[in-house]
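Single-structure report; data block below.
Values quoted throughout were computed directly from the atomic coordinates according to the rules given, and no laboratory measurement underlies them. All values derive from a computational prediction rather than experimental measurement. Here the Cβ positions follow ideal geometry from the backbone for every residue, glycine too, while neighbour counts run over all protein chains shown.
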Amino acid sequence: MTKDWISYLTAAFRLVDLHDSARSFGSAPTSLKEERTGRSDGVWLHLACHLLSYLDECDLETNEGWNPIGPFVKDMCGRHGSLNDDDVQLVISYLSTPTEVYFIKDELTKDQLRVASTKDTALIERRSIRGQTDLCRLTQRGRLAITLAKASHNWLYTHHDADKLMTALLYGEFHDIPKQCASLGQSIRAFAHEITRTMEQPGQNEVIAHFLDRGNQYLDSIRKVQTAVQNAREQLGTADVRERFNQWFEQNEGVGLDLGMIRRTLDELMQTVERLSRRFSAFLHQVTDTQREVVGAIPFEKAALAFVFQPPSLAVMDMLTGNLGAWLLEMCFGAPEDMQGILRAEIDRHQASQPKVFGEDAGATRERTVMELFVHEHRDAMFSALKAGPVRLGTALTMGWAKIGDQCHLTELVGVYSAPSWLGHGTDSIQLTLKPGSLDARVDGRTWLAGDDIEMQLIQEQGGNNEPE
Amino acid sequence: MNLNDMGQLHAFLMRYRCIESRPRSRKLRRNESELAGILIEAGAEGLEKMNHFLAGQGLDLIEFTDTDMPGITTGGRVWVLARSPEATPPAFFSIDQVMTRMKLRDDTREIAAVWYLHIWLIHLALLYTHKGRAVSAVSGYLDSAFEEETLIQGVRDHIERVRSIGLDAGAEKRVYEILTDERGTDIAKRVRAFLGLMVDSGLLGCADSGVYEQTLLGAVEISQSFSRTLQHILPDEDALSNIVNLSAPVAEKGEEEEAWPEETE
């Protein structure tokens, strides 16, 4: 019992401390005093936990009725010789006195924060009859605390949460389902990770013994969760639920939730439970197997030092690196997609994609290549511009020569600037000159051309200004 | 899963050693999502088929789900390509390449190997010993981040200890000379070369600039292969205590909870 309370309490302590912090906004940060006031023998907590368990047990019979506290006080004083009646009474008054907790309430509509508080913090109620017999019982808060403390430790009750899925479906609370699935999934994963960590650590015999003792109960609980999710999945398929969903959907437009999504969420949850089931079975199998091999902490620094005295041979060092150290490949494993996009596809985009027929005269039906098409498109415009004066590649780009329609033909344009013979006008009459570093032009979208510019010039008379390249 | 799928998976794994359906701290690699899809669709049978193929190369493809291991994105899966503890690593793994990258100036292969071993052990001390983490604790990969500077300092401290013990106490001359003959920024350079190798092998990941962390693959390989390799080479407890007595700084670290050498249950 105390163990449950400790997991419950340790999860709340820091929040309580923060609540009690009197720091004002903007004051200089100070290091926190991690000193708890009070005795450090845990005796008051011990008494309180026992008192709550006692009242919980009484409640099973009295059904929210009042219970005499006398037997408990007597029992405690008898067990702990140093305690007297007043000490136990102090614990009772602590638990029954309410304290005020302040918090901030979100006012969603007004988009502002409001301070609120509650005094609903007493865990037990106390009533004196004629000042003689003390009667006590758990408050609603106290009952909740016990439920939470139990839940903090025991995964065995998770299937009750899984049953809530079915309830949500039956009541048509569809918006709750993804949240519930997520929270169930989280709790399943946390349990599975607990198993993982237990298996990885040496020792842990206590935890393992617990799992072994109650292995069947855990398996049973996992099966129940599985069944609950399965039932919810089947229920989702019934005409009844579908109709209810459609009604709900009409009232809650824009929620962004459809039946398919709910089904997928349930499917994913189902897979998670199945994985947990496999994992837990494997775990039970493994811990009962004597071959369980777990390596604890190793002092690697000492080992490194020891290797200065007893160095392993080169062959052994190589073996270690080969088995445990870095591994690089002697050769390259290329995947087809590595090559994608390295080379620009120079397939003629304008060629008809009709398959060639064997025996057909290739010459007669040959389509023009891209280059031929390009020259055909721009040749006249280029010549008329060249007649007016030299044209640089950078200028040619601005004149739209790198395009035919929407298609980019930069390659062809540069091709003409490198081999003007494509223009078919007696090569000797065209002269190219390199203009270092003067090219800086945007071609298309994010493509830029920069570097040396090429200037093309028509030589009609001898003795042009530029040196031929 | 057809042969084409297997070829693609193989090529990808050889390069990256790992496939994640929803990576936690990096972007998806090219083709990674498709390959994860192939593995998910192929199910247990497909994984077994792929593993038959890989077993011939001394490799295992191990699947982890979000339920198995903390740190895997919810709903995600991770497959790591680990060297099989039972098999010899494949011939196409090159130790020479590793050693070449560890060399500084005109180092011999022996010098590179000694440095690799010592930096590797100090790095294991950072990942395991200092954190009180068991070698079997694969899930500890999540809390394994360390700074490059810390490893450099760790190696420097180690070399200082070696120097302080000296040859007279029985250190092996050749190793002593290799480790104490470092100049200027040699240690930092060697550590960086080491980290680069580990990242390229998929055993460490670069979390942030100058911050490294162990990958799931790194943790899996150590946990699987330690007891079959390094365990047998480590000096026995007596020898170790004698050596440690010579060197105060290590003893000061206080590693009370260490289990040495192994606990088998």
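Odds and ends about this structure:
- Each principal axis of the Cα cloud of segment B:46-114 was taken in turn, and the coordinate range along them, longest first, works out to 50, 29, 15 Å.
- Once C-alpha pairs closer than 8 Å and six or more residues apart are averaged by separation and normalised to the residue number of chain A, the relative contact order reads 9 percent.
- Counting charges near A:THR118 (Lys, Arg +1; Asp, Glu -1) among other residues having Cβ under 12 Å from its Cβ returns a value of +1.
- Shape call, segment A:370-458: gyration tensor on alpha carbons, a/c limit 1.5: oblate
- Extreme residue, positive dipole direction of the protein assembly as shown, given options A:ALA419, A:ILE195, B:SER227 (C-beta unit charges): A:ILE195
- Note that segment A:154-288, at 20 °C in a medium of 1.002 mPa s, gets a Stokes-Einstein diffusion coefficient of 134 µm²/s from its Kirkwood radius over C-alpha pairs.
- Distribution of pairwise C-alpha distances over segment B:7-63, 5 Å bins, in %: 4, 19, 31, 27, 13, 6, 0
- In the protein assembly as shown, the calculated helix contribution to ellipticity at 222 nm averages -16500 deg cm²/dmol per residue, counting -39,500 (n - 2.57) for every DSSP H run with n ≥ 4.
- Dipole-positive endmost among B:TYR16, B:THR74, B:ALA44 within segment B:3-83 (Cβ charges, Cα centre): B:TYR16
- Charge dipole (debye, nearest 20) of the protein assembly as shown; +1 at Cβ of Lys and Arg, -1 at Cβ of Asp and Glu: 1080
- The spacing between segment A:15-29 and segment B:195-224, judged by their C-alpha centroids, is 40 Å.
- Compactness of the protein assembly as shown - radius of gyration and Dmax, Cα, Å: 37.1, 132
- Think of each Lys and Arg Cβ as +1 and each Asp and Glu Cβ as -1; about the Cα centre, that makes the dipole of chain B roughly 1200 debye.
- Excluding exposed DSSP-loop chymotrypsin sites (Phe, Trp or Tyr not before Pro) (at most 14 other C-beta within 10 Å), longest clean stretch of chain A: A:26-332
- As a rough guide to protection, the peptides A:78-89, B:97-108, B:78-89 ranked by mean Cβ packing within 10 Å, highest first, stand as B:78-89, B:97-108, A:78-89.
- Residue-wise HN-Hα coupling along segment A:370-382, computed from phi with Karplus coefficients 6.51, -1.76, 1.60 (Hz; x: Gly, Pro): 4, 4, 5, 5, 5, 4, 4, 6, 10, 3, 5, 4, 5
- Anisotropy class of segment B:79-146 from Cα gyration tensor, a/c 1.5 cut: oblate
- From the alpha carbon centroid of segment B:1-73 to that of segment A:258-324 is 17 Å.
- Its Cα gyration tensor gives segment A:208-259 an equivalent ellipsoid. The semi-axes, each the square root of 5 times an eigenvalue, are 38, 13, 6 Å from largest down.
- Cα-based shape type of segment B:95-252, given that a ≥ b ≥ c are square roots of the gyration tensor eigenvalues and the cut on a/c is 1.5: oblate
- Whole-Å semi-axes of chain B's equivalent ellipsoid (Cα gyration tensor): 36, 20, 18
- Length-normalised contact order for chain B - Cα pairs under 8 Å, 6+ apart - percent: 18
- Summed side-chain charge close to A:ASP20 - residues other than A:ASP20 whose Cβ falls under 15 Å, Lys, Arg +1, Asp, Glu -1: 0
- Positive-end residue of A:ALA303, A:TYR102, A:PHE283, charge dipole of chain A with Cβ unit charges: A:TYR102
- Using Cβ point charges alone (K and R +1, D and E -1), the dipole size of segment B:95-252 about the Cα centre works out to roughly 260 debye.
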